[in-house]
Amino acid sequence: MADVNVAPSLLDDSIRKSKILVVGAGGIGCELLKNLVLSGFNDILVIDLDTIDVSNLNRQFLFQKEHVGKSKAVIARESALGFNPNVTIVAKHDSVMNSEYNVTFFKQFTVVMNALDNRAARSHVNRMCLAANVPLIESGTAGYLGQVTAIRKGLSECYDCNPKAGQKSFPGCTIRNTPSEPIHCIVWAKHLFNQLFGEADPDEDVSPDTADPEAAGDAGSVALQNQASEAGNVTRVSTRAWAQQSEYDPSKLFGKFFCDDIKYLLSMDKLWTKRTPPTPLSWDNIPEEISDQQGGLIKDQKVWSPAECVQAMVSSIKILYQRSKELNGEESFLVWDKDDEASMDFVTACSNLRSHVFSIPKKSRFDVKAMAGNIIPAIATTNAVIAGLIVFEAFKILEGKWEECRHVYLNSKPNALNKVIAPSSLDSANPKCYVCSPHPEVTVLLNVSQMTVQSFEDKVLRGALHMISPDVMVDDGKGTVLISSEEGETTENMSKSLSDFNISDGTRLRCEDFHQEYDLNITIIDREHLEENREFTVIADPSQLQPKAAVESSGPQPSTSSSKPAPSTRATESVEIDEDLDVIFQKGTANDDHQQEPSIRKRSISGQADIGSASKKLRLSENDIIEL
Amino acid sequence: MASPSPKSPGQISDKSKKYDRQLRLWGDHGQTALESANVCLINATATGTEILKSLVLPGIGSFTIVDGALVTGEDAGNNFFLDHSKIGKPRAHVATQLLMELNSDVKGDYIEETCDQLLSNNPDFFCSFSVVIATGLTEKSLHSLSSNLWQNNVPLVVSVSYGFIGSIRLQVSELCIIESHPDNLLEDLRLDKPFPGLKEFMDTIKLPEMNHKQFSHTPYLVLLYKALEIWNDRHGPNPPSNYKEKEILRNIIKSELGYGIVEEEDSNSGDEENVAEAIKAVNTALTKTQVPSNVQKILNDDQCIRLKEKNSFWIIARAVKEFVEKEGNGVLPLRGSLPDMTSDSQRYIALQNVYREQASKDAEHVWRHVQTILKERGWAGESVIENDVKLFCRHSSELRMIRGSCLAEELDGKQLPPDVDINQQLEEPDSPWLHYLLLRAVNKFHTENGSFPGYYDDNVETDIAKLKGCFSRLLNDLGCQGGSLSKDDNLHEMCRYGAAELHAVAAFIGGCAAQEVIKLITKQYVPLDNTFIFNSVTSTTATLRL
């Protein structure tokens, strides 16, 4: 046990001699830096890529108004040093995923503390700490919820031991043709922003998708003729070029997106046999329905009427068009930002107009912002609590009492045993973990003739498996190199499909990430169609693999009258993570995961019984005594 | 184009940008409450300034620090807002200056006097605060402060960080919460007790006169209502209550609610989204409409019946009670909101309006009761605002009330709750009761000896023996004769702490306590009732009711 008094002790000594890496200087990071400096730690490196935003100031107390726009790491260092100039703090305004932070770099630290906001960086730091064999303390908060856990190679589970639920994504044709929820219209409106002002991405097309497998049949040809006569050759030039021709005339844009395109969708009548068909809007006759007034709401929380939406659309287009005209050559497009007023107005207006067209409930600007920006509420108090808990875990690690380290959850309400904090022993590593097991393996389901090498690298290896610089060799006895991390070596492979390299059902790929010191074997399973129009599925534990027939039968019907290459229908639209958040492992809190999977996650809890299923029941009862 | 709409509906202020992430938790009215609150901190200890930090950042109206001490080396070592260059200067002044730097919207003030001096010179001083936060007070001072605030009905939050242990004690005589933010709030749909407007609306809808398209775009509430009518014809007025009965209702929805007009293209019947939604909603949408027990308790409370004070919450509660007994026929005012559902816009909006109109009618009734109550008692009309009545009605099924206990009485030797087996608790190594008693014992030690055990390094051994004495006398005082500690480990630990305030513990307790203060101020979410104990060695917490 540590002596907390002035008298020196083993712990005091090891605190003073330790060197700490703090990854992230946001909500948790600020609190953590303060706690470390005031607990006697005096050699700290803090790294953060981000700059300071106004919406950080309600909790990231090392920053003030005049710091907006500056580096979080640099300002955090300055503020903490102002308090205690005798400690060494090094600030890096940089991405921790940068190649200069290699395994040797990580090895210099006694403990690494994550105060991050995104899964890719968490996963990366996890691998670096495993490779360098340095203890890692992982943490996260969302609103009133939070968690802290310690990770050490061979002694606990790692960050990737439990596959995280994928980001919520929507099939392309739901976004383009058949939205049924507000979020579908919001994603569409963000895509529209990019088509008109931003970096155009073919996966983000906003016009009707004629290759919708559901619309298969005769609709297409009729509709195409209508389209040709009504909108001229609109479809043959890019949306942006077309908009520029009319200098972003709002009535023309409105006419295309909320009238002509909708009429076109209506002509694909197979789509509407079971759905409520959309109602095209007319520029000359915008319904002035009474907007959703509720007493005492601020303007931002009011739902706009269609007329108000049009008003906001017109004014935001004007501002955005002006801005895009002023762009110089280097940055030729605007980037959508939830904290930019015109960008938010545009998405609120367009998503609500689309919702109106499709009889979907409309949302206030406040709610649209939360959904479009994937905003998770954040407050100072939760971060303070979590940063305190991180330091207690660090004490135990420094004392060498690894067995006393805990995985701690901060609940929004007391659990079955009337506790807001639920500590549990660390789980042992998952023997089938695709990161920390001795021979990592995953299975990837995809269509080998559709998936290009480029997509495989970007979406599977980097996107889903969080690799940084992968090298991939086909295990075909010849050592065919599919992807090389050396620039230019495999450029010519990128546009080819996997099947061009004789990759077929059952082919094994050897992947290596030199930077992460991480080797992974991938087994490819060839599937023509995947559930929910997904492009691929990663399976960490092959025993989870369903029988082939079951998967195929639940897939969509093959498209017969596809006038476009099929991939456009399979593209999925994902909502990206808000970068300035202090998000936890995944939305919905891991605590809930644990309640839902008591069999997998049976835990011995120090000083208390199992927190399992009973706590859910108790939440219904009267016993909500404290929320943090 | 239609008539002119607001100039820029999207314009938002700097403030709502800065507070965006927290507005999503307590709303703009919660933020307004926070911005009009005035908080007092007694003693700028590490725990105290950590609490204030987490209140200044989200934008509390103003704070006042009461502290007669000067900055010491120990302060500089564990308090972020007091550094070495300020040693010897007044703690209240230095901390106020640095805390104000965190947020320019917040006003700060300080008084360089001790709590005891203020209490004797100016006993009404604390009455003007929304909440008083106390740290670093002796038992005696805490006793006087607690009595004073209890009488004046000002909430008190006492926070302690002692070595690896922390505690928070809330003293609030009565707290009425309108928005308790329950986890599992059911929709207020009234299908079992349809109000006249709903009945009228439903009667205009004739499913057999629809074609497939019209049918499949009908809101699922209509389907549920129609199925329930069939059920009532066959099984009497009570809605299905068990699994078997609900299955019967689900079958009615599935097979007996069809549309009447069959057209050629209507070949896709059987998998309509609204039918699926109706079937899914059978479990939740048919819950019996009644006044929940926590709300009934409030309506039956003496305060509500006798209405002694001119208090807005109780006046509206009384008006709601009269509504329930008269116009409401035994049910609360309608909430007036609908869940999202598959439907064409026209009928969804029509249905939404039916619920909204009834909700505003109900709120109007309550508002009239309020005015009668005010008139009868000769109270000014402006004591209650109509918007508050609307908010109250909207949340009337989630009302909560907490009546706390007085800390001074606890310190006077109030017996422990009878259901706590103290001897058993003393055997458990991480019992929150044990930590609670240890914290009481070190305070007793301080009262008797003028310093905390182990504070002076050369006294540790004798202090352990003395603390042991304090502990058993405390048990006696609390009516636990014969209770004792089988091992002295914990007493050793308490002496070894020497009353040191660890920053990490202060940070943790500061975050928790600040959140409780926010709940008290916004009157949203349910605060802890009433003592919170934290052990940082095991990362365990518990809530005790004293």
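The values are calculated or read from the model by the stated rules, or taken from the named source; none is laboratory data. Treat the numbers as computed from the prediction; the structure is a model and nothing was measured. So basically every Cβ, Gly included, is an ideal-geometry build from the backbone, and we count neighbours across all protein chains shown. Quick note on the areas: whole protein, heavy atoms, side chains included, nothing else; ligands and nucleic acids left out. Shrake-Rupley method; radii C 1.70, N 1.55, O 1.52, S 1.80 Å.
Can you tell me the dipole magnitude for segment B:128-233 around its Cα centre, using point charges on the Cβ only (Lys, Arg +1; Asp, Glu -1), in Debye to the nearest 20?
260
Over chain B, what is the relative contact order in percent, taking alpha-carbon pairs closer than 8 angstrom and at least six residues apart?
20
Positive end of the dipole of the protein assembly as shown, charges at C-beta (+1 Lys, Arg; -1 Asp, Glu), about the Cα centre: which of A:Val538, B:Leu438, A:Trp402 has its Cα farthest in that direction?
B:Leu438
Excluding same-chain residues fewer than 8 positions from A:Lys432, which aspartates and glutamates have a Cα within less than 20 Å of its Cα?
Candidates past the 8-residue exclusion: A:Glu157, A:Asp160, A:Glu441, A:Glu512, A:Asp513, A:Glu517, A:Asp519, A:Asp541, A:Asp593, A:Glu597.
Explain nothing, just the number: dipole magnitude of the protein assembly as shown about its Cα centre with +1 on each Lys and Arg Cβ and -1 on each Asp and Glu Cβ, in debye rounded to the nearest 20.
Here the size comes out at about 2080 debye.
Report the full-extension gain for the segment B:Asp477 to B:Arg403: residue separation times 0.36 nm, less the Cα-Cα distance, to one decimal in nm.
Roughly 24.1 nm would be gained on extension.
Sequence neighbours fewer than 8 away in the same chain don't count; with that in mind, list the lysines whose C-alpha is under 21 Å from A:Lys419.
Within the straight-line cut-off, A:Lys419 pairs with A:Lys602, A:Lys616, A:Lys617, B:Lys519.
To the nearest 500 deg cm²/dmol, what mean residue ellipticity at 222 nm is calculated for chain B from DSSP H runs of n ≥ 4 alone, each contributing -39,500 (n - 2.57), summed and divided by the residues?
After summing the helix terms and dividing by the residues of chain B, the value is -15000 deg cm²/dmol.
Treating only the Cβ of Lys, Arg, Asp and Glu as charged (+1, +1, -1, -1), what charge dipole size does chain B show about its Cα centre? Round to the nearest 20 debye.
It comes to approximately 1020 debye.
Projected onto the charge dipole of segment B:249-345 (+1 at Lys/Arg Cβ, -1 at Asp/Glu Cβ, origin at the Cα centre), which of B:Pro292, B:Ile305, B:Ala281 gives the Cα projection farthest towards the positive end?
B:Ile305
Return one whole number: the accessible area per residue of segment A:1-120 in Å², for a 1.4 Å probe.
On a per-residue basis, 35 Å².
Computed FRET efficiency, Cβ-Cβ of A:Lys252 and B:Gln296, R0 45 Å: what is it to the nearest 0.05?
With R0 = 45 Å, the Cβ-Cβ based efficiency is 0.15.
Put +1 on the Cβ of every Lys and Arg and -1 on every Asp and Glu Cβ in segment B:203-249; which of B:Pro240, B:Leu228, B:Met210 then has its Cα farthest towards the positive end of the dipole?
B:Met210
What spacing in nm lies between the two simple spin-label points modelled at A:Arg462 and B:Val420, each 7 Å away from Cα in the Cβ direction?
5.9
Which of rounded, prolate or oblate describes the protein assembly as shown when judged by the alpha-carbon gyration tensor and an a/c cut-off of 1.5?
Judged from the Cα gyration tensor, the protein assembly as shown comes out oblate (a/c at least 1.5, b/c at or above a/b).
Cut-off under 21 Å on the C-alpha distance; same-chain residues fewer than 8 positions from A:Lys252 excluded. Which lysines are left, in chain and number order?
Counting by Cα, and skipping residues close in sequence, A:Lys252 has these lysines nearby: A:Lys190, A:Lys263, A:Lys318, A:Lys325.
Skip the ligands, DNA and RNA, and give the accessible area per residue of segment B:388-450 with a 1.4 Å probe, whole Å².
Normalised by residue count, the accessible surface of segment B:388-450 is 41 Å².
Give me the distance in nm between label points sitting 7 Å out from Cα along the Cα-to-Cβ direction at B:Met100 and A:Glu489, one decimal.
Using points 7 Å along Cα→Cβ, the separation is 6.3 nm.
Rounded to the nearest whole Å², what accessible area per residue is found for segment A:251-407 with the 1.4 Å probe?
I get 35 Å² per residue for segment A:251-407.
Length gain on complete extension for the stretch B:Leu185 to B:Gln151, per 0.36 nm per residue less the alpha carbon to alpha carbon distance?
Additional length available on full extension: 8.7 nm.
For the pairing of chain A with chain B, what total accessible surface becomes buried, with a 1.4 angstrom probe, in square angstrom to the nearest 100?
Summing both chains' loss of accessible area gives about 8300 Å².
If I compute solvent accessible area with a 1.4 Å probe over the protein chains, what percent of it on the protein assembly as shown is carbon and sulfur?
Roughly 49 percent of what the probe reaches on the protein assembly as shown is carbon or sulfur.
Going 7 Å from the Cα of B:Asp488 along its beta-carbon direction, which residues of segment B:447-472 have the amide nitrogen within less than 12 Å of the resulting point?
Answer for this model: B:460-469.
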